[in-house]
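The values are calculated or read from the model by the stated rules, or taken from the named source; none is laboratory data. Note that the coordinates shown come from a computational prediction; the quantities given were computed from them, not determined experimentally. Quick reminder, even Gly has a Cβ in these numbers, built from the backbone with ideal geometry, and neighbours come from all protein chains shown.
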């Protein structure tokens, strides 16, 4: 299942929310954006030897439209604050303040911390497999039958967090597609892994039979999103279906297995469910930086640690059982 799985699922759902909002629908904001694009002037930012948005340092530069939207949003929000009204969304997003050109700096920071936690989990799992647990005498490979599958899961999870950080840094068409594609790839692979582990599929031919159709489906869906149409509604249905399927597999398996660390699996499920309340209780960013989504990213850090702890316990449990059978 994995905490990044749920993050990936929520990433799939974000797109359906990005539509006309109260902020960008306001005539004052629309006039400001049009004036900015024509004259390069927003309030006190006057054009001197060219528009202001080409005079900023290179690492801060966005395209003209994005910069105009950003500064007009700040101007509109300042006016709303004077009038005593609260923040509203613009183009489906809350009004965030940039730091060094980064669109959502706190979400980026927590995404990178999650990336670090995934790497720590993956590395400690690798060390456990090849340096702490016994290896098969003939092949020097782990006894744990799912070692390679979990190592690949770690790569996909880290890849997904990388593009999450990039997407929160700068929301453009390319970064959006990369974030969506990595999320879908992780969801699809996690579903395959959930089926193989919960049903204890160890035969290579059987694994191929399970994985092949799902890989074909996920690949086709990713190509459709990138090359034909970024269909938010279709993507939501696909992600929800894959997410719920594997969630149910892990929950049912935790209920029937005698695994000694199944309590960690239950803890991950419970903690994730509670953390998701932050996504439901959506509030504007405090001081323009910290919103519910950023805090939710923060909660995933300790949950990721617990998830990798369960994976390592599973490796120990299965290895001990396999060594006993060999003896």
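Conditions tested, residue by residue: (1) within 22 Å of residue 155 (Cα to Cα); (2) in contact with a strand residue (DSSP E or B) (Cβ under 8 Å, 6 or more places away or on another chain); (3) modelled with pLDDT of 95 or more.
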site: 199; (1), (2), (3): no, no, yes
site: 203; (1), (2), (3): no, no, no
site: 206; (1), (2), (3): no, no, yes
site: 216; (1), (2), (3): yes, no, yes
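Counting only residues that are more than 10 Å from residue 265 (Cβ to Cβ) and touching a residue at least 40 places away in the same chain (Cβ under 8 Å), which one in the range 312-324 is surrounded by the fewest Cβ atoms within 10 Å (Cβ to Cβ)?
323
When you look at residue 149, is it in the same structural domain as residue 230 (by TED's automatic domain parsing), touching a strand residue (DSSP E or B) at 6+ places or on another chain (Cβ under 7 Å) and more than 26 Å from residue 108 (Cβ to Cβ), yes or no? Walk me through it before giving the result.
Details: in the same structural domain as residue 230 (by TED's automatic domain parsing): yes; touching a strand residue (DSSP E or B) at 6+ places or on another chain (Cβ under 7 Å): no; more than 26 Å from residue 108 (Cβ to Cβ): yes.
So residue 149 does not fit the description; no.
Confirm whether residue 154 is surrounded by fewer than 17 Cβ atoms within 10 Å (Cβ to Cβ) and either within 26 Å of residue 318 (Cβ to Cβ) or touching a strand residue (DSSP E or B) at 6+ places or on another chain (Cβ under 6 Å) (or both). Talk me through it step by step, then tell me what you get.
Values: surrounded by fewer than 17 Cβ atoms within 10 Å (Cβ to Cβ): no; either within 26 Å of residue 318 (Cβ to Cβ) or touching a strand residue (DSSP E or B) at 6+ places or on another chain (Cβ under 6 Å) (or both): yes.
Against the criterion (surrounded by fewer than 17 Cβ atoms within 10 Å (Cβ to Cβ) and either within 26 Å of residue 318 (Cβ to Cβ) or touching a strand residue (DSSP E or B) at 6+ places or on another chain (Cβ under 6 Å) (or both)), residue 154 does not qualify.
Could you tell me which numbered condition residue 147 fails, if it satisfies all but one of (1) surrounded by 15 or more Cβ atoms within 10 Å (Cβ to Cβ); (2) within 23 Å of residue 244 (Cβ to Cβ); (3) modelled with pLDDT of 95 or more?
Evaluating residue 147 over (1) surrounded by 15 or more Cβ atoms within 10 Å (Cβ to Cβ); (2) within 23 Å of residue 244 (Cβ to Cβ); (3) modelled with pLDDT of 95 or more leaves (2) as the failure.
Determine whether residue 192 is surrounded by 13 or more Cβ atoms within 10 Å (Cβ to Cβ) and farther than 25 Å from residue 123 by Cα. Write out each step before concluding.
Details: surrounded by 13 or more Cβ atoms within 10 Å (Cβ to Cβ): yes; farther than 25 Å from residue 123 by Cα: no.
Against the criterion (surrounded by 13 or more Cβ atoms within 10 Å (Cβ to Cβ) and farther than 25 Å from residue 123 by Cα), residue 192 does not qualify.
Which residues, taken from the range 25-71, are within 19 Å of residue 288 (Cβ to Cβ) and either modelled with pLDDT under 75 or not in a helix (DSSP H, G or I) (or both)?
26, 42, 43, 44, 45, 56, 60, 62 - these are the residues of the range 25-71 that are within 19 Å of residue 288 (Cβ to Cβ) and either modelled with pLDDT under 75 or not in a helix (DSSP H, G or I) (or both).
Surrounded by fewer than 19 Cβ atoms within 10 Å (Cβ to Cβ), assigned to a helix (DSSP H, G or I) and outside the structural domain of residue 30 (by TED's automatic domain parsing), is that true of residue 126? Outline the logic, then answer.
On the way: surrounded by fewer than 19 Cβ atoms within 10 Å (Cβ to Cβ): yes; assigned to a helix (DSSP H, G or I): yes; outside the structural domain of residue 30 (by TED's automatic domain parsing): yes.
Yes: the conditions hold for residue 126.
Does residue 129 meet the test of being farther than 29 Å from residue 163 by Cβ and at pLDDT 95 or above?
Details: farther than 29 Å from residue 163 by Cβ: no; at pLDDT 95 or above: yes.
No, not satisfied.
May I ask you to verify whether residue 68 is surrounded by 20 or more Cβ atoms within 10 Å (Cβ to Cβ), closer than 24 Å to residue 38 by Cβ and not assigned by TED's automatic domain parsing to the domain that holds residue 161? Give the derivation first.
Details: surrounded by 20 or more Cβ atoms within 10 Å (Cβ to Cβ): yes; closer than 24 Å to residue 38 by Cβ: yes; not assigned by TED's automatic domain parsing to the domain that holds residue 161: yes.
So residue 68 passes the test.
Is one or more of the residues making up the range 140-148 over 20 Å from the mean Cα position of the chain (by Cα) and assigned to a helix (DSSP H, G or I)?
Applying the first criterion (over 20 Å from the mean Cα position of the chain (by Cα)) to the range 140-148 yields 140-148.
Add one more test, that the residue is assigned to a helix (DSSP H, G or I), and what stays is 147-148.
For the range 140-148, residues over 20 Å from the mean Cα position of the chain (by Cα) and assigned to a helix (DSSP H, G or I): present.
If you take the residues in the range 72-99 that are at pLDDT below 85 and touching a helix residue (DSSP H, G or I) at 6+ places or on another chain (Cβ under 7 Å), which one is surrounded by the fewest Cβ atoms within 10 Å (Cβ to Cβ)?
Filtering the range 72-99 for residues that are at pLDDT below 85 and touching a helix residue (DSSP H, G or I) at 6+ places or on another chain (Cβ under 7 Å), the one surrounded by the fewest Cβ atoms within 10 Å (Cβ to Cβ) comes out as 91.
Looking at (1) surrounded by 15 or more Cβ atoms within 10 Å (Cβ to Cβ); (2) under 23 Å from residue 251 (Cβ atoms); (3) in contact (Cβ under 8 Å) with a residue 40 or more places away in the chain, which is the one condition that is false for residue 202?
It fails just one condition, (1).
Which condition number in (1) more than 26 Å from residue 301 (Cβ to Cβ); (2) out of contact with any strand residue (DSSP E or B) (no Cβ under 8 Å at 6 or more places or on another chain) is the one that residue 72 fails?
For residue 72, the exception is condition (2).
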